[in-house]
1. Does ALA138 meet the test of being outside any strand (DSSP E or B), free of Cβ contacts under 8 Å to residues at least 40 places away in the same chain and among the aliphatic types (A, V, I, L, M)?
2. In segment 1-33, which residues are over 16 Å from the mean Cα position of the chain (by Cα), outside any loop (DSSP other than H, G, I, E, B) and aliphatic (A, V, I, L, M)?
3. Right, ALA104: under 23 Å from LEU39 (Cα atoms) and not in a loop (DSSP other than H, G, I, E, B) or not?
4. I'm trying to understand the selection: among the residues of segment 11-47, which are under 28 Å from ALA212 (Cβ atoms) and in contact with a Ser or Thr (Cβ under 9 Å, 6 or more places away or on another chain)?
5. Return the residues of segment 184-193 that are of a type in the set (S, T, N, Q) and in contact (Cβ under 8 Å) with a residue 12 or more places away in the chain; say none if nothing qualifies.
6. Can you tell me which residues in segment 117-157 are within 16 Å of the ligand (Cβ to nearest atom), surrounded by fewer than 16 Cβ atoms within 10 Å (Cβ to Cβ) and not acidic (Asp, Glu)?
7. Only one of PRO36, PRO64, PRO52 is near the ligand (Cβ under 9 Å from one of its atoms) and assigned to a loop (DSSP other than H, G, I, E, B). Can you tell me which?
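The values are calculated or read from the model by the stated rules, or taken from the named source; none is laboratory data. None of the values given here were measured: they were computed from a predicted structure. All Cβ positions, glycine included, derive from the backbone under ideal geometry; neighbour counts span all protein chains shown.
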Amino acid sequence: MPATAKICGLSTPETLDAAVAGGASHVGLVFFPPSPRDLSFDRAAGLAGRVPSHVARVGVFVDPDDALLDQAAAAGRLQALQLHSTSPDRVAAIRARTRLETWAAVPIRTRTDLDGARAFAGAADRLLYDAKTPPGSALPGGMGLRFDWALLDGFRHPLPWALSGGLDPANVAEAIRRTGAKLVDVSSGVETAPGIKDAWKIATFLKAVRAA
Ligand SMILES: O=C(O)c1ccccc1N[C@@H]1O[C@H](COP(=O)(O)O)[C@@H](O)[C@H]1O
């Protein structure tokens, strides 16, 4: 079965429509004020209304509190929550309280970082392997950084998983072949500048995923 793709950090109707038209399985809406992709609840609601039922709406959060989750989930009519920098216990509590599909981001730079993935077994529905951003970075993701895909070789994944971190139209086919990812996730790689998505890059990325 071909891999599917999530286009993350969408903020305009045109680029959201490009993701849907290109065959994205998931679209990502960011709720994190320091991010150039952060959305107001009103804007998220407008975008969510354009997403057809076969495409899943994923909210992206960084260690969110319940109030933010509830407001964002309602505005974005979210079906899944992608949680960065959130402890396994907190991920489990969010999953139990919201009853939404819950993804835990696992930041990777070395093989040892994969140990962190096991702690989410039973707490999350899916792992999202992402590149670890440098200490002091404003964002824990969405910076176009890649990790060494070879680190996943032979790893027994404790949960269904997705690959992210520095993917783009030129490298995504190789990433899928190299890692066996069934779901890939991109943000910076389909932008012309941080937070500015590009419809042509989105279409090209999704074409490359289909062809992989
Ligand atoms: O995109 C953001 O601004 C963001 C903010 C906070 C946490 C995660 C964020 N993005 C996620 O990061 C990965 C990798 O992105 P990139 O393709 O390397 O730019 C992806 O899952 C985004 O959803």
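1. It is false that ALA138 is outside any strand (DSSP E or B), free of Cβ contacts under 8 Å to residues at least 40 places away in the same chain and among the aliphatic types (A, V, I, L, M).
2. Answer for segment 1-33, where residues must be over 16 Å from the mean Cα position of the chain (by Cα), outside any loop (DSSP other than H, G, I, E, B) and aliphatic (A, V, I, L, M): ALA18, ALA21.
3. yes
4. GLY22, GLY23, ALA24, SER25, HIS26, GLY28, LEU29, VAL30, ARG37, LEU47
5. Selection gives SER187, SER188.
6. PRO134, PRO135, GLY136, SER137, ALA138
7. PRO36
Conditions (1) more than 23 Å from PRO194 (Cβ to Cβ); (2) surrounded by fewer than 19 Cβ atoms within 10 Å (Cβ to Cβ); (3) touching an Asp or Glu at 6+ places or on another chain (Cβ under 8 Å), marked per residue:
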| position | (1), (2), (3) |
| --- | --- |
| GLU14 | no, yes, no |
| ALA19 | no, no, no |
| PRO33 | no, yes, no |
| ASP42 | no, yes, no |
| VAL60 | no, no, no |
| ASP65 | yes, yes, no |
| SER85 | no, yes, yes |
